[in-house]
1. So how far apart, in nm, are the two label points at Asn64 and Phe123 if each is 7 Å from Cα heading toward Cβ?
2. To the nearest 20 debye, what charge dipole does the stretch 76-202 have about its Cα centre, counting +1 at the Cβ of each Lys and Arg and -1 at the Cβ of each Asp and Glu?
3. Ordered by residue, what ³J(HN,Hα) values in Hz, to whole numbers, does the stretch 183-188 give under the Karplus form 6.51 cos²θ - 1.76 cosθ + 1.60, where θ = phi - 60° and Gly and Pro are x?
4. To the nearest 20 Debye, how big is the dipole of the stretch 102-171 about its Cα centre, given +1 on the beta carbon of each Lys and Arg and -1 on that of each Asp and Glu?
5. Please list the equivalent ellipsoid semi-axes of the stretch 69-202, computed as the square roots of five times the alpha-carbon gyration tensor eigenvalues, in descending order and whole angstrom.
Amino acid sequence: MTNADRAGSAQARRRLLGAGLALPLLGWRAVGAQALRPTPACGAADAAAIQTPAQTAGPYYTPNSPQRASLIEPGAPGTRLVLAGRVVTTACRPVSGALLDVWHCDAAGHYDNQGYRFRGHLFADGSGRYRLETIVPGLYPGRTRHIHIRVQAPGGQPLTTQLYFPREGSNAGDGLWQRALEIALTPRSDRQDGHFDFVLAV
Ligand code: FE
């Protein structure tokens, strides 16, 4: 970033704070300058965000998955993953009630193509927030670690994409992997916490 860029973004930040937008930012101001940065999904100074890239569904999508916020299977191996974030529009408005339909392989890299293990759908709340409990998927030949997901605003077109894990040795060798689709991952003592915000063009 050049000095001019830095000055520009500081100016933009001041403009935002000086405008009527100050009210929702009060909480951010209270916790210091670091918190002034918008979420990655709404990263531009003008608060417009770029649509989450679409990706192939692949061969293992099964429709009509059960509605549930946890895909944890009793006794199934795997590191617990809590994936959470928001669904927003390109204008950074929350997509209340967005549908998120998730499927991934088990810890050994196998998809359940007969039933619904590690498949399920859930809905974002009124603020566009979602929270899913599952496990970190395993690896299977030809792909890096990933989670498949379809995200859809009420009445909108579904966005099919895949989420990836940072610092995976197999990312660079997977032609589908995109850094923009990486989950922000925080290791905890008993699980991984993942964050990802989806941006829909609605
Ligand atoms: Fe897959």
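1. For Asn64 paired with Phe123, the spin-label model returns 2.0 nm.
2. Computed about the Cα centre, the dipole is about 120 debye.
3. The phi angles translate into 6, 7, 10, 10, x, 10 Hz.
4. Value, rounded to 20: 100 debye.
5. 23, 17, 15
None of the figures in this text is laboratory data; all of them are computed from the coordinates on show. Here the structure is a predicted model, which means the values were calculated and not measured. No Cβ is skipped: glycine too gets one built from the backbone with ideal geometry, and neighbour counts run over all protein chains shown.
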